[in-house]
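Engineer: I have a structure here, written as structure tokens, and I will follow up with some questions on it.
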Amino acid sequence: MITPIFRIFDIKKAHAFYLDYLGFQLDWQHQFAENMPMYFQISLDGTDLHLSEHHGDASPGSAIRIKMDDLKSYHTKLSEKSYRFANPGLEKTQWDTLELKVIDPFSNRIIFYENC
């Protein structure tokens, strides 16, 4: 199993985007001491993702693709939330996928996709 790591800079913004908006669940979090960077794992439908405030763990502006079943229903759920910083649409690609692209508050890009 591969677990991508995204660099983040603000826990509240990360939680608002990943947990509240995208619907990931918080699996665990770790912090060596109160004034140290946070590191945590989130998951959605069998996909794990690590988010890290640690310098050097990852570069902002990374991108991943997550295969998902019933992407149209997921898109509907996101649309109903009226998240003020994103309103992604669905795109049918030339390579026969349906895709939904989002960019997190730290310039990381997630492409949820489903084969047509």
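Since every read-out is calculated from the coordinates, none of them should be taken as a lab result. Just so you know, these numbers come straight off a predicted model, no measurement behind them. Quick reminder, even Gly has a Cβ in these numbers, built from the backbone with ideal geometry, and neighbours come from all protein chains shown.
Engineer: Please report, in debye to the nearest 20, how large the charge dipole of the chain is about its Cα centre when each Lys and Arg carries +1 at its beta carbon and each Asp and Glu carries -1 there.
Structural biologist: 340 debye
Engineer: Report the relative contact order of the chain, percent, no decimals, based on alpha-carbon pairs under 8 angstrom and at least 6 residues apart.
Structural biologist: Reported as a whole number, the value is 26 percent.
Engineer: Percent antiparallel among DSSP beta bridges with both residues in the chain, to the nearest 5? Before the final figure, lay out each step's value.
Structural biologist: Numbers: 21 of 29 bridges.
So the antiparallel bridges in the chain amount to around 70 percent.
Engineer: Quick one: net charge around LYS72, please, counting Lys, Arg +1 and Asp, Glu -1 for every other residue with C-beta under 14 Å from its C-beta.
Structural biologist: Summing Lys/Arg as +1 and Asp/Glu as -1 gives -4.
Engineer: Can you pull out the chymotrypsin sites (Phe, Trp or Tyr not before Pro) in segment 11-83 whose DSSP state is coil and whose Cβ has at most 11 other Cβ atoms within 10 Å?
Structural biologist: When the chymotrypsin sites (Phe, Trp or Tyr not before Pro) of segment 11-83 are filtered for loop state and at most 11 Cβ neighbours within 10 Å, PHE32 remain.
Engineer: What is the angle, in °, between the Cα long axis of helix 71-81 and the longest principal axis of the Cα atoms in the chain? Nearest 10 is fine, range 0 to 90.
Structural biologist: So the inclination is approximately 60 degrees.
Engineer: Would you kindly derive the ³J(HN,Hα) couplings of segment 4-18 from the backbone phi angles with the Karplus curve 6.51 cos²θ - 1.76 cosθ + 1.60 (θ = phi - 60°), listing them in order in whole Hz, with x for Gly and Pro?
Structural biologist: My calculation for segment 4-18 gives x, 10, 10, 7, 10, 10, 8, 4, 4, 5, 5, 5, 4, 7, 6 Hz in order.
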